[in-house]
Amino acid sequence: QVQLVESGGGLVQPGGSLRLSCAASGIFFRIVAMGWYRQAPGKQRELVASITSLGSTNYADSVKGRFTISRDNAKKTVYLQMNSLKPEDTATYYCTAGGNSDYWGQGTQVTVSS
């Protein structure tokens, strides 16, 4: 079955950086679009970034210029490099696979606080 395992979350100070990773199995990774969503307490889940099988990317306005999504097809892994983190980036971050976000990981917590 499809498995998406996120890692790399944690506590970071404002202005700091984190890199999230999502290792995929059970899918033909190189042809699948991947994405990162986040959900903060009391807020709606939102799409943070996505990347197609050809490497085209899309970002939420709130993270443009600060976050970068990338993929390594050989490692079946998608990454989210997060720089200049702000307290409002605090959320649980989820990796998704498929053009309709058909599959979801379990999530990893990112907390931005001094």
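When GLU88 is tested against (1) farther than 16 Å from THR111 by Cβ; (2) in contact (Cβ under 8 Å) with a residue 12 or more places away in the chain; (3) of a type in the set (Asp, Glu), exactly one condition is not met: (1). Among (1) open to solvent by less than 20 Å² (accessible area, probe 1.4 Å); (2) touching a strand residue (DSSP E or B) at 6+ places or on another chain (Cβ under 7 Å); (3) modelled with pLDDT under 95, there is one condition ILE27 misses while meeting the rest; what is its number? Exception for ILE27: condition (1). Among the strands (runs of 3 or more DSSP E) confined to the stretch 33-107, the ones with at least 1 residues that are crowded, with 16+ Cβ neighbours inside 10 Å and of a type in the set (Phe, Trp, Tyr) are located at 34-39, 57-59, 67-72, 77-82, 91-97. One residue stands out in the stretch 1-17 among those that are farther than 11 Å from VAL110 by Cβ and either of a type outside the set (Gly, Ala, Ser) or without any contact (Cβ under 8 Å) to a residue 40 or more places away in the chain (or both): the one that is surrounded by the fewest Cβ atoms within 10 Å (Cβ to Cβ), namely GLN1.
The values are calculated or read from the model by the stated rules, or taken from the named source; none is laboratory data. Only a predicted model underlies this, so the values are computations on that prediction, with no experimental measurement involved. Reconstructed Cβ throughout: ideal geometry from the backbone, glycine too, with neighbour counts over all protein chains shown. With ligands, DNA and RNA removed, areas are computed over all heavy atoms of the protein, side chains included. Shrake-Rupley method; radii C 1.70, N 1.55, O 1.52, S 1.80 Å.
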